[in-house]
């Protein structure tokens with residue numbers, strides 16, 4: 001994070017060759033934009049817990065990692081895709097995609113890590129994160 005750069009939406013315009021084919025300037029990647037997006041999440045809160053739903057299409061359960069520290073939740077996932085196109089017995093095209101997605105959220109209340117629960121089904125990760133009971137503090141007597 002030490003190397004922060006300003007976003008310049010026009011940085012690639014200087015490199016565009018005006019004679020280049022118009023189609024090449026606007027050609028999209030072979031992969032959908034969904035694979036390059038950060039993890040999309042919904043956070044719901046009730047009196048006892050937070051419910052976090054994260055869309056992680058294309059990921060396997062064993063490739064997802066969830067870290068809970070205090071009131072900070074971090075979700076990371078690795079997605080892999082292999083496409084192979086054959087004509088006859090020969091491979092004409094083979095493409096591989098390996099990407100990582102990451103999302104971190106800070107909640108208002110600390111989470112009880114020991115009672116937290118996670119399940120992954122149909123590309124959706126659902127976390128049930130019970131709130132930690134407040135310490136209550138103590139009253140001071142004035143002498």
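We did not get these values from a lab; they are worked out from the coordinates using the rules stated. As the structure is a computational prediction, the values presented were derived from the model and not from experiment. Using ideal geometry, Cβ is built from the backbone for each residue, glycine included, and neighbour counts are taken over all protein chains shown.
Some points to look at:
- Here the label points at residue 124 and residue 93, each 7 Å from Cα along the C-beta direction, are separated by 3.3 nm in the simple model.
- Ordering 79, 128 from the fewest to the most neighbouring beta carbons within 10 Å gives 128, 79.
- Mean Cα-pair separation over length for the stretch 31-130, i.e. relative contact order, pairs under 8 Å, 6 or more apart, %: 31
- Alpha-carbon spread of the stretch 62-143, three principal axes, descending order, Å: 91, 20, 15
- Take 54-67, 96-109 and order them by the average number of nearby Cβ atoms within 10 Å per residue, most first; the result is 54-67, 96-109.
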